[in-house]
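So the structure is just underneath, and the comments pick up after that.
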Amino acid sequence: MGVRVGSIAVICVIGALVLGACAVPQPARPPVAAATIAPPPQPAPALPRSLPPIGGFAERFDIIRNEGSITALPPAQVEAYLDLQAERFKSIAGVSVEREAAALNLSMSEVAAFAVNSAVITPGFRRTLDAVSAVLATYPQSYVDVVGHTDSSGSDAVNQQVSERRAASVANYLAAKGVKRVRIAVRGAGEAEPVASNATESGRAANRRVDVRIVPITTGLVS
């Protein structure tokens, strides 16, 4: 017995509707989050580096360690240690403070420190050194570099000798005021590093000076 094509089409449509009504709706899947990549571990912050003190970190540290009365500063305390000293030095008349990454440079050219061809400290400069030595003695965990300078009067050889005597004179004065001598090193720069013009008397007086550089004593900088 034959079946009409139209009847078959109607049966197929009805079947599709029934199956659709019976299908269970599936919940929508949440979007897949992108994979989280952990950032690489960051290296520990490096201890600030600065130019080494006279004689180098290792040699000077050995001298301090063998002397035994000064302990090394923990590296994490270097910044605050220098900040405290810088504020004290800035309050001293005639002292200019320059900050390095891990050091302080003191320039004391505003006071006539020495007469021509002399390493005798003038009375006015003594007052400045008294205040400087008080700060250095309060903060003993540092190397102290003393660098002597001259104006352009005289020969290079004579100026070099005078600059060395000036550095030694100031180093001895600081030690007499309570700064441990083991902390101090000296160098003479002659006339090579002027801070003013040697064409005028005031400029030459400013160049007859001693600068002080302060570098914390810490095992983290021994090399």
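The values are calculated or read from the model by the stated rules, or taken from the named source; none is laboratory data. Because the structure is a prediction, the values reported are computed rather than measured. Ideal geometry is used to build each Cβ from the backbone, glycine not excepted, and the neighbour counts take in all protein chains shown. Surface areas here come from the heavy atoms of the whole protein model, side chains and all, with no ligands, DNA or RNA. Shrake-Rupley method; radii C 1.70, N 1.55, O 1.52, S 1.80 Å.
The set of residues in region 190-210 that are in contact (Cβ under 8 Å) with a residue 60 or more places away in the chain and open to solvent by less than 30 Å² (accessible area, probe 1.4 Å) comprises 205, 206, 207, 208, 209, 210.
Out of 101, 113, one residue alone is outside any helix (DSSP H, G or I), at negative phi and buried (at least 16 other Cβ atoms within 10 Å of the Cβ). It is 113. Against the conditions (1) modelled with pLDDT under 95; (2) at negative phi, residue 91 satisfies every one except (1).
Residue pairs whose Cβ atoms lie under 8 Å apart, separated by 6 or more positions or on different chains, with the first residue in region 141-160 and within 21 Å of residue 199 (Cβ to Cβ) and open to solvent by 20 Å² or more (accessible area, probe 1.4 Å) and the second not polar (S, T, N, Q) and not in a loop (DSSP other than H, G, I, E, B), are 152/204; 153/204; 154/162. Take region 81-112 and flag every residue that is polar (S, T, N, Q) and over 15 Å from the mean Cα position of the chain (by Cα). Those that are polar (S, T, N, Q) and over 15 Å from the mean Cα position of the chain (by Cα): 91, 96, 107, 109. Tell me yes or no: at least one residue of region 97-113 is among the hydroxyl-bearing types (Ser, Thr, Tyr) and more than 24 Å from residue 201 (Cα to Cα). No, that holds for no residue.
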